[in-house]
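Bear in mind these aren't lab numbers, they're just calculated from the coordinates by the rules spelled out. No experiment lies behind these values; they were computed from the predicted model shown. Cβ sites come from the backbone with ideal geometry, for glycine too, and all protein chains shown count toward neighbours.
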Amino acid sequence: FSSVMVGASGYANTAGNRTSITRLTTGGEEYLPDSQNVFLMHNRNELTDKSFSIRNAYTVNSYNQLHFGFLYRNTEILYYKDADKMYVYDNKLNRSGMASVYAQDRISLPGNMLLKPGIRATWFGGTGKVYTEPRLAVQADLSENLSVRLATGRYYQFISQVQSLQETGYTRSFWVMANDSVNPVL
């Protein structure tokens, strides 16, 4: 059995802020330049994700089924901040491709047990590296109404959400792409 999937998704967030601060004269050092200070800010964060995948399932026999496939994803993230200062995440446009191949074996064992060993290899263009992701899942059906499941694996995330405290005191979150310097692969 084989299936082909083509998909696209996106995220967009635009926000603006106008903060007005009045300086009170205290006789000490004055940190604001004028008695009336206005700070204007405009943020825009957009994420576009396009993907193509091929998934296959091959039944070896009644106890063994092999799953394997390929995924390609192209991601573009824009973060724009119109403000007076320069910031680490100021006006960034990042694009990157990601290609993965995977294989997983689904083995039915005696005693109503299911074993799923697998591996995925992912190349991420943002770092130019290949990430190996082994996986293992075990399921044991103890009765008709009770089962126990255990799963473990290594997983990588190539985009993440950053929480940033703005100069006007509120917290703003936005999406960024991993690059192995400021934003690590998680």
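General observations
- Packing-based order for 141-154, 37-50, using average beta carbon neighbours within 10 Å, highest first: 37-50, 141-154
- Protection proxy ranking of 172-181, 60-69 - average other beta-carbon atoms within 10 Å, highest first: 172-181, 60-69
- Other residues within the sphere of radius under 14 Å centred on the Cβ of Ala121, judged by their own Cβ, net out at +3 (K and R +1, D and E -1).
- R0 of 35 Å, Cβ-Cβ distance Thr14-Phe70: FRET efficiency to nearest 0.05: 0.50
- Straight-line cross-link partners of Lys81 among the lysines, defined as a Cα under 16 Å from its Cα and at least 8 positions apart when in the same chain: Lys92.
- Alpha carbon centroid spacing (whole Å) that separates the stretch 112-186 from the stretch 50-81: 15
- In units of the rule-of-thumb radius 2.2 N^0.38 Å, the stretch 102-180 shows an alpha carbon radius of gyration of 1.71.
- Sequence ranges 103-115, 6-18, ranked by mean other-Cβ count within 10 angstrom, highest first: 103-115, 6-18
- For Gly126, the residues 5 or more places off, or on other chains, whose built amide H falls under 5 Å of its own are Gly97.
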